[in-house]
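Beneath this line is the structure, given in structure tokens, with notes to follow.
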Amino acid sequence: MTSDDEFVLQLLTDKGILDSDTLTAARDAVAEADSVSNVDSAIIDHLLDGHKLTQMQIAEVLAAEFNMDVVDLHDVRASPHALEIVTHDLASRYKVFPLEIDDNEAELAVHDPLDMDTIDSLSHVLKRTIVSRVAPLEDIESAIHQYYEGAKADSNVHEMFSDESGDPLIDLPTGEEAGVAEEEAPIIRYVHMVISEALRRRASDIHMEPLEKRFRVRYRIDGVLHEVENPPKRLQPSIVSRIKLMSNVSIAEKRVPQDGRINITVGPKVIDLRVSTLPTAFGESIVMRILDKEGLNLGLPQLGFFSDDQAAFERVIAMPDGIFLVTGPTGSGKSTTLYSALNCINHPDRKIITVEDPVEYEMVGINQVQVRREVGMTFSAALRSMLRQAPNIIMVGEIRDKETAEIAVNASLTGHMVFSTLHTNDAPSAVSRLIDIGIKPFLVSASVRAVLAQRLVRRICPNCKATDTPDERHLNSLGIRSDQAVDATFMRGTGCEKCNSTGFRGRVGIFEIFNVNEELQSMIYEEASLVALRNKAREMGMRSMREDGIRKVIAGVTTPEEVLHATVEDSV
């Protein structure tokens, strides 16, 4: 027995199935045996072996106590569908037998209704509500042997993480391979299932958030959070501990935030999960950011550039010196754009060095430096050392302070091309931001070659894309004129399996390119206002992010609502 054996013995005594003399004799017999780790379990086994008790009697008293039905498996003919859903390995591992299964519920014969961990684990694995019927353990084992005779005992963990061809989707250890206790295996399988499902649904982040009465799990897909089925609140500590163990951070430390990393293999691909823990009022919140190295192989058109903007972008990144900045809020795709730019200009005749915190993607042929503040390897310290390595191109993950900005500017003025990011709302604001940090205006005017501001909008799913007539209010809000609307190809996704019925699949950038020519250099040197800089850039042909978004709406790439959500109204 695996339930509370003392509780079972008490029930049997209360129901009159066991008398005191029989129980006393069994206790005495067990007391004489050596190496008994669980006395109550040994007493039950002794009574069963001596035919003083039957498995059916145990099943009946447990069923009566919990108001459950007893099932006689000798009279049951198993459903082929149920046998297919509950594999041989799953049935054997948890000592259950499938009776009937539909899309919402799984009716199972169990021998131990007190084992709620098993019920919860099966619910997560099968993604159905479990309806338990009680049956003797020996009957369950006999039914498993009878109905699965000759069947291949596929590992359920392998099945959970396989694609349609049966090949392993994720190369992660099972509970047994990891050498963990049997009771921990369901937690390991659940965590792996969450990661597998996130990858299948193309999520960029997995959020596990402890709330007062539940443990919420959400996936960020194409920039939008979607809640999925939550695990039981009582499993929260075990799940958090498992993820912290996988990401090599301290399990004991729960008072301060921690950062870690998980490396997994998905078929031929290697996926990194960047893990962040944060103590909250109801436990530790965990966010796992999924970093797909293949995402770096995006060409510039896949980023969302139209041909004219792509040509301007390529001219900038091919310059021999100066600073090129990419701006936008967190999650706007700045790193992906910079990595794609590096990938585009990564030739054997150029030496490229990056300094990052952390190194998100590993790129072949590029020297990447990880910031480690605890040993004095800050952005500025790394930058100084990098310059002695005689690079052609330098990428700084982010310009955060005056010291880093000064070194980047000096590098750009001594024959290096410097790529970096800033957090500003639009492209011209990067100039005022550098000046605010403490860089002299004449240095900004001499070093900055161009600034790219960007946002991400969801791309209409190509599989279910259909022509559409947008709401006139949205068109008016965007400023799309009637003559533009006549020639437009407005599209909308109708929803399909490939986009999880959202109508969107993937994201695309909308851009604002601020090219600094001699006239703008002079204005920056003379400390012209941000408004004046922006007006002059617009006169010279700079499109705002909203205007670029409008072009993508008219071309049928995205919807008016997406652009309205991602951009602000142009001030000029």
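The values are calculated or read from the model by the stated rules, or taken from the named source; none is laboratory data. Predicted model only: the values in this text are computed from it and were never measured. Positions of Cβ are generated from backbone atoms using ideal geometry, with glycine treated the same way; all protein chains shown enter the neighbour counts. Areas reflect the complete protein model, heavy atoms only, side chains present, ligands, DNA and RNA absent. Shrake-Rupley method; radii C 1.70, N 1.55, O 1.52, S 1.80 Å.
Miscellaneous remarks
- Amide H contacts of Val131 (H built 1.01 Å from N, under 5 Å, at least 5 apart or other chain): Ala106, Glu107, Leu108
- Per residue accessible area of the range 43-87, 1.4 Å probe, in Å²: 57
- Scoring 45-52, 56-63 by mean Cβ neighbours within 10 Å over their residues and listing the highest first yields 56-63, 45-52.
- Accessible surface of the range 295-377, 1.4 Å probe, proportion on carbon and sulfur as whole %: 51
- Under Karplus coefficients 6.51, -1.76 and 1.60, residue-wise ³J(HN,Hα) of the range 242-259 in Hz, glycine/proline x: 4, 5, 5, 5, 5, 9, 6, 10, 5, 6, 6, 7, 10, 9, 10, x, 9, 10
- The aspartates and glutamates within cross-link reach of Lys213, meaning a Cα-to-Cα straight distance under 16 Å and a gap of 8 or more places when in the same chain, are Glu227, Glu229, Glu284.
- Förster-model FRET efficiency, 56 Å R0, Lys15 and Arg202, C-beta, rounded to 0.05: 0.50
- Cβ-Cβ FRET estimate between Arg473 and Asp436, R0 fixed at 35 Å, reported to 0.05: 0.40
- Translational diffusion of the range 1-105 was estimated from the Stokes-Einstein equation, with Rh taken as the Kirkwood radius over Cα pairs; at 20 °C and 1.002 mPa s the coefficient is 135 µm²/s.
- The range 392-451, relative contact order [Cα under 8 Å, separation at least 6], %: 38
- Based on Cα contacts under 8 Å between residues 6+ apart, the range 1-123 shows a relative contact order of 23 percent.
- Student exercise, the chain dipole from Lys, Arg, Asp, Glu Cβ charges, in Debye to nearest 20: 3820
- Shape class of the range 239-373 from the alpha-carbon gyration tensor: prolate, with a/c at 1.5 or above and a/b greater than b/c.
- 0 to 90° range, to nearest 10: angle between helix 39-49 axis and the chain longest Cα axis: 50
- Using C-alpha pairs below 8 Å separated by at least 6 residues, the relative contact order for the chain is 8 percent.
- Alpha carbon centroid spacing (whole Å) that separates the range 310-367 from the range 502-532: 18
- Simple rule: put +1 on each Lys or Arg Cβ and -1 on each Asp or Glu Cβ in the range 364-438, find the dipole, and look at Ala405, Asn425, Ile393; the Cα lying farthest toward the positive end is Ile393.
- Charge tally around Phe215: other residues with Cβ under 10 Å, Lys/Arg +1 each, Asp/Glu -1 each, net +4.
- By the Cβ-Cβ criterion of under 4.7 Å, the unpaired cysteines of the chain are Cys344.
- Only beta bridges with both residues in the chain are counted; by DSSP, about 65 percent of them are antiparallel.
- Accessible area per residue was computed with a 1.4 Å probe on protein heavy atoms; Phe7 scores about 70 Å².
- Under 20 Å, Cα to Cα: Lys pairs in the range 217-345, sequence gap 8 or more or different chains: 5
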